[in-house]
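Bear in mind these aren't lab numbers, they're just calculated from the coordinates by the rules spelled out. Since the model is a prediction, treat every value here as computed from it, not as a measurement. Cβ atoms come from the backbone with ideal geometry, glycine included; neighbour counts cover every protein chain shown.
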Amino acid sequence: MPTPSAPRKPRVICLGGSATIDQIFLVDEVKQPSAKIMAKDFVETGGGMAANAAVAVQRLGGQASYWGRVGDDEPGDQVIALLAHEGVDVSSLHKLAGFRTKLASILIDARGERLVVSSQPQGYPPDPSWLPIEQVAQADAVHADTRWLAGAHRLFDAAAAAGKPSVFDGDGGDPEQVAATARLATHPFFSETMLQALGFGAPEAALPRVFGGRNVAAGVTLGADGVMWFDGARIRSTPAPKIRPVDTLAAGDTWHGAFALALAEGRALDAAIEFATAVAAMKCTRFGGRAGIPRREEFERWWAQRRPG
């Protein structure tokens, strides 16, 4: 009798402009202007918006592919090894000769807030023509961040042609270019800072203004205040679980990865947002940036004890 095959995992392609190595220090407070600080804990791990989202997809039960670039150096090798160790498909992660991989040092204080110091931008070539865009038809959802907009445009166009949901992490970059890219995705969700930078006022007023193009929903993540979004008809919101934050680093990345996976699983929009918001909240209860992203089984246990109702 043939052995039953394992169920197919939902596949999410995550395209990023910058995968990094993060050196993370836990401290009581960030002292200024000049001081020596003794850390209470330390971890070195991978980072980067879409790279962290890919790890979230993988740990939560999906199959992530990371599309991006690193430098042809030792940190680039580390980035690749750390993603591969998580099970992320890195066959479309390119090493660029003559370029450096981005490094970041991060201080996390007693409130869970962070101070990030990163190396200068790498100046990676923007050309996305090498991307294996034909693979989008076999994916269940795609995701991109703001660090490589030319790549995001190509990915979102391919997703639209294939009828796949596309998630855009609108955090950082030129506001006008970010707003234009957001309209190419089905589900752009901005950081609060970026939404404010667009100049449309409070989220209730701004979200209908940014909504358009291919958008099914346009939203904003608000940290402890949850998520607000506009679905083309009305403003809606989902509260965040009440937690004591330990480390907010990678929380937004985790949210977008979990959200993309939920859409890939076929969840309804409100259920996908609730899932992503709860996963990101659990991540914030743990120190270590990417290291704190939960796995599916531990999240399900945690959420079963806290979910309202």
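Quick notes on this one:
- Based on the reciprocal of the average 1/r between different C-alpha atoms, the Kirkwood radius for the stretch 179-282 equals 13.7 Å.
- When the helices of the chain are scored as -39500 (n - 2.57) per DSSP H run of n ≥ 4 and the total is divided over every residue, the value at 222 nm lands at -9500 deg cm²/dmol.
- The calculated FRET efficiency for Arg296 paired with Ile243, based on their beta-carbon distance and R0 = 30 Å, is about 0.95.
- Per residue convex hull volume, Cα atoms of the chain, in Å³: 159 Å³
- Exposed GluC sites (Glu not before Pro) absent: longest stretch of the chain, with sites in DSSP loops and at most 15 other Cβ within 10 Å deemed exposed: 114-309
- A straight Cα-to-Cα reach below 25 Å connects Lys283 with the lysines Lys9, Lys40, Lys102, Lys242, residues fewer than 8 places away in its own chain not being considered.
- Calculated Rg and Dmax of the stretch 114-160 using C-alpha coordinates, Å: 13.5, 39
- Among Gly163, Gly87, Gly199, residue whose mean-square fluctuation peaks in a GNM of the chain (springs only between Cα atoms under 10 Å): Gly199
- Ordering Val43, Ala6, Gln122 by the projection of their Cα atoms onto the charge dipole of the stretch 6-125, which places +1 on the Cβ of Lys and Arg and -1 on the Cβ of Asp and Glu, puts Ala6 at the extreme positive end.
- For the stretch 40-94, the pair-distance distribution built from all alpha carbon pairs, in bins 5 Å wide starting at 0, is 4, 21, 33, 22, 12, 6, 2, 0 percent.
- Here the calculated FRET efficiency for Ala162 and Ala39, from their Cβ-Cβ distance with R0 = 41 Å, stands at 0.30, rounded to the nearest 0.05.
- Overall dimensions of the stretch 1-85 as given by Cα atoms, namely Rg and Dmax in Å: 17.9, 71
- Pairs of Cα atoms in the stretch 166-234 fall into 5 Å distance bins, from 0 up to the last occupied one, in shares of 3, 21, 35, 28, 11, 1 percent.
- Over all distinct Cα-Cα pairs of the stretch 1-144, the Kirkwood formula returns a hydrodynamic radius of 16.8 Å.
- Candidates Lys40, Lys95, Lys242: whichever shows maximal mean-square fluctuation once the chain is modelled as a Gaussian network with Cα springs under 10 Å: Lys40
- The chain - share of DSSP beta bridges that are antiparallel (%, nearest 5): 40 percent
- Computed over the chain with a Gaussian network model linking Cα atoms closer than 10 Å, the most mobile of Arg236, Arg183, Arg290 is Arg236.
- Karplus (6.51, -1.76, 1.60) ³J(HN,Hα), θ = phi - 60°, over the stretch 289-298, in Hz, Gly and Pro reported as x: x, 3, 4, x, 5, x, 8, 4, 5, 6
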